[in-house]
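Below is one structure, written out as structure tokens; comments come after it.
The values are calculated or read from the model by the stated rules, or taken from the named source; none is laboratory data. Please read these numbers as outputs of a predicted model, since none were measured by experiment. Here Cβ is always computed from backbone atoms with ideal geometry, including for glycine, and neighbour counts include all displayed protein chains. Note: accessible area is taken over every heavy atom of the protein model, side chains too, but ligands, DNA and RNA are not part of it. Shrake-Rupley method; radii C 1.70, N 1.55, O 1.52, S 1.80 Å.
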Amino acid sequence: MSTLTPTSDPFVALSGDLPGVTAIAPEISTQPQLVDITKLGDLANAFFRSLPGEDVPIPHDPVINLGSGRTPVLEPDLKIAATTPQPKGSGAPITELTQPHEPSLALPQGYSASLPKVGATDPRNSIANGAVARTPFYFFGHATEFPDAPGGVKPVPLENLVTSQSQTFPGQAQVTALLKEIANTGRQPEAQEANASGQTFYFLDSSAAPVEFTQSETLAYKEIAPSAHPQFDVNAVRRDFPILQERVNGNQLVWFDNGATTQKPNQVIDRISYFYKHENSNIHRAAHELAARSTDAYEGARDKVAKFLGAQSKDEIIFVRGATEGINLIANTFGRQFIGEGDEIVVSLLEHHANIVPWQMLARSVGAKIRVIPVDDSGQIILDEYQKLVNDRTKLVAVTQVSNALGTVTPIPEIIDIAHRRGAKVLVDGAQSVAHLRANVQPIDADFFVFSGHKVFGPTGIGAVYGKLDLLNQLPPWQGGGNMISDVTFERTLYHDAPTRFEAGTGNIADAVGLGAALDYVQRLGIENIAKYEHDLLGYATQELLRVPGLKLIGTAKEKASVLSLTLAGYSNQDVGVALNREGIAVRTGHHCAQPILRRFGLESTVRPTLALYNTCEEVDRLVAALNRIARGQSEIRGR
């Protein structure tokens, strides 16, 4: 096949044999022809982003058969080889799946086993009169199915949605054998001795017994039984995130800055666009149609957040700009109502600045004291020391569920139980946990829980506070204005109950709706499926990074989420980040708004790759290869 060269002309001459070209247009075979690249791109986008049965705007082409359905269907005799990129060592075999009146697709092994059988007895999968059946698979898109849209189609029931098969991480058998050798002999690999200071990771412990979860267990980063849930197809997920196709400095983007913000799937992008096209209005205060649509969409999003967190009622959910504003809201309502001179606030050494500074401001204002839970050398909270800190003067314990700097998963159920036995309330900062762990606020008995939408594949500028309803209704409003009042005179004001009493003025309506779509997306995949996939990816990344000369991992707690904080001997963290960016790899460098915990390890900054559900072993390989080049002086970088 000839090589395409950049040109400003959207039509380019192609010659040679192109896969599928002869089948599509027999006259394009031996002679150079002009091919409309824009049209080809439009056709490809229409095919891969559309659902059977939905209208799709596509350029007219005689070889596209719309049939009795409305989705473009390629002619039956056209064969498409869908080659899926495989990370090194995966060796995933490919099998063909063929259905009547549809193209033959090459799919990973096990894929067809997860598909429902086609037949007249199953109306979801029947193919009659040439129409393509509706499919329940999330990876074929639900971009325009909005259940709260007026007259919209009903979404496919969640129980009908399945996930397809995944490959385990490359080299798993070799890693397992190596770990067994370590366990039997006590010998640590040379790189691990040098870099991990003898610490072990639970996710690399081959002797750990699988654990089934009960309803009360919320720490998903324990070993999960292989049969606990369906498997996860990362390549299908990646197709939902358009930004992952970006190129940076000539390289395919690798987004390892998920701890700072996550990327957004088409389902979220399209939902926000739909809101502005069809529903945009202020909420609650009009009799016209668009106000009703907007109110329904906004309050529907509140209900989705409540269900996602396991709240008892949607009235326990307050929309805010993010976790930072949520903590400030609690500090300025609960804090000023119940914390006074001589009282104590307990935080951990792991906290983000957003869970330190508001409490400092409150403590200075009312004369309270802040006490800090220490951590051990692995970065885990020392529970025995925490128990000594909590006393009858403790009014609030504010602790992160996952450290943004180290990835440590904290023992939240134990922390809450100890605090409650002393009569203290507990705030859980879930900013770094909601995209990775099941957040179920009732079993853990959290009093408050905060998170940011942009950390869980939703828009920026939106987040939520959960609070127990009876507690919220005891708190004074934080801000005053419209929407949060029931009656106003110049002598006095009466306020609504929660949550409206805490939402003065016009809220971020569109992004709240977008957050609801993001949570739908995560629910559709299944948080346990995500956790299992990321668990394997974290184990693979940890093992590979420890082989890089001079690399040291910071934070080696046995229970970790997908954060890999590291330093590289001989190089500044900033220079490492710049060098990785030259290769299209995005990581965060700096103190990560968590200076106290980094200083516990004698550092002012680290390089921090953070993983998410769309990252792959292949991307980890690119990161490791780039770090190896830097460590060996083969990359353009300034040394210290």
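Condition check ((1) of a type in the set (Gly, Ala, Ser); (2) surrounded by 22 or more Cβ atoms within 10 Å (Cβ to Cβ)) across all residues:
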{"site": "Ile327", "(1), (2)": "no, yes"}
{"site": "Asn332", "(1), (2)": "no, no"}
{"site": "Gly342", "(1), (2)": "yes, no"}
{"site": "Val346", "(1), (2)": "no, yes"}
{"site": "Leu350", "(1), (2)": "no, yes"}
{"site": "Ala354", "(1), (2)": "yes, yes"}
{"site": "Trp359", "(1), (2)": "no, yes"}
{"site": "Val366", "(1), (2)": "no, no"}
{"site": "Lys369", "(1), (2)": "no, no"}
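Taking the criterion of being under 13 Å from the mean Cα position of the chain (by Cα) and acidic (Asp, Glu), the residues of the stretch 498-546 that qualify are Asp520, Glu528, Glu534. The condition (being under 25 Å from Leu437 (Cβ atoms), at pLDDT 50 or above and not β-branched (Val, Ile, Thr)) is satisfied by just one residue among Ala208, Ala236, Ala225, Ala196: Ala236.
When you scan the stretch 518-530, how many residues do you find that are open to solvent by 10 Å² or more (accessible area, probe 1.4 Å) and part of a helix (DSSP H, G or I)? Residues meeting the conditions: 5. No other residue among Leu553, Leu566 is within 19 Å of Ser635 (Cα to Cα), of a type outside the set (Gly, Ala, Ser) and touching a strand residue (DSSP E or B) at 6+ places or on another chain (Cβ under 7 Å) apart from Leu566. Taking every residue in the stretch 531-553 that is in a loop (DSSP other than H, G, I, E, B) and pairing it with any residue that is modelled with pLDDT of 95 or more and not small (Gly, Ala, Ser), at least 6 positions away or on another chain, the pairs with Cβ-Cβ distances below 8 Å are Leu546/Leu553; Arg547/Val624; Val548/Leu568; Val548/Val624; Val548/Leu627; Val548/Asn628; Pro549/Asn628; Gly550/Leu568.
Of the residues making up the stretch 276-305, just one is open to solvent by less than 10 Å² (accessible area, probe 1.4 Å) and without any contact (Cβ under 8 Å) to a residue 60 or more places away in the chain, namely Ala291. Restricting attention to the stretch 241-251 and to residues that are surrounded by 13 or more Cβ atoms within 10 Å (Cβ to Cβ) and closer than 22 Å to Ala517 by Cα, the residue that is nearest to the chain's Cα centre (by Cα) turns out to be Phe241. Within the stretch 599-619, the residues that satisfy the criterion of being under 16 Å from the mean Cα position of the chain (by Cα) and assigned to a loop (DSSP other than H, G, I, E, B) are Pro609, Leu611, Ala612, Leu613, Tyr614, Asn615, Thr616. Of all the numbered requirements in (1) open to solvent by less than 10 Å² (accessible area, probe 1.4 Å); (2) under 19 Å from Ala301 (Cβ atoms), Val426 misses one, and that requirement is (2). Out of everything in the stretch 252-277 that is of a type in the set (A, V, I, L, M) and within 14 Å of the chain's Cα centre (by Cα), what residue ends up being farthest from Glu619 (Cα to Cα)? Looking at the filtered set, the residue picked out is Val268. Quick check on my filter: what residues within the stretch 377-417 are open to solvent by 20 Å² or more (accessible area, probe 1.4 Å) and either modelled with pLDDT under 95 or β-branched (Val, Ile, Thr) (or both)? Result: Ile382, single match.
Taken over the stretch 429-438, the criterion of being open to solvent by 10 Å² or more (accessible area, probe 1.4 Å) and closer than 13 Å to Gly310 by Cα is satisfied by Arg438 alone. In the stretch 469-484 there is at least one residue matching the filter, namely being among the aliphatic types (A, V, I, L, M), farther than 22 Å from Glu351 by Cβ, in contact with a strand residue (DSSP E or B) (Cβ under 7 Å, 6 or more places away or on another chain) and in contact (Cβ under 8 Å) with a residue 12 or more places away in the chain.
Looking across the stretch 574-615 at every residue that is buried (at least 23 other Cβ atoms within 10 Å of the Cβ) and among the polar types (S, T, N, Q), the one that is nearest to Val563 (Cα to Cα) is identified as Thr610. Scanning the stretch 442-468 for residues that are open to solvent by 10 Å² or more (accessible area, probe 1.4 Å) and at positive phi turns up Asp445, Gly461. Just so you know, in the stretch 601-640 the residues that are free of Cβ contacts under 8 Å to residues at least 24 places away in the same chain and not polar (S, T, N, Q) include one that is nearest to Val587 (Cα to Cα), and it is Ala625. Of the residues making up the stretch 554-573, those that are open to solvent by less than 10 Å² (accessible area, probe 1.4 Å), within 18 Å of Ala625 (Cβ to Cβ) and either among the aromatic types (Phe, Trp, Tyr) or not in a loop (DSSP other than H, G, I, E, B) (or both) are Leu566, Leu568.
Those helices (runs of 4 or more DSSP H) of the stretch 364-463 in which 1 or more residues are within 23 Å of Gly555 (Cα to Cα) and among the polar types (S, T, N, Q) occupy 383-389.
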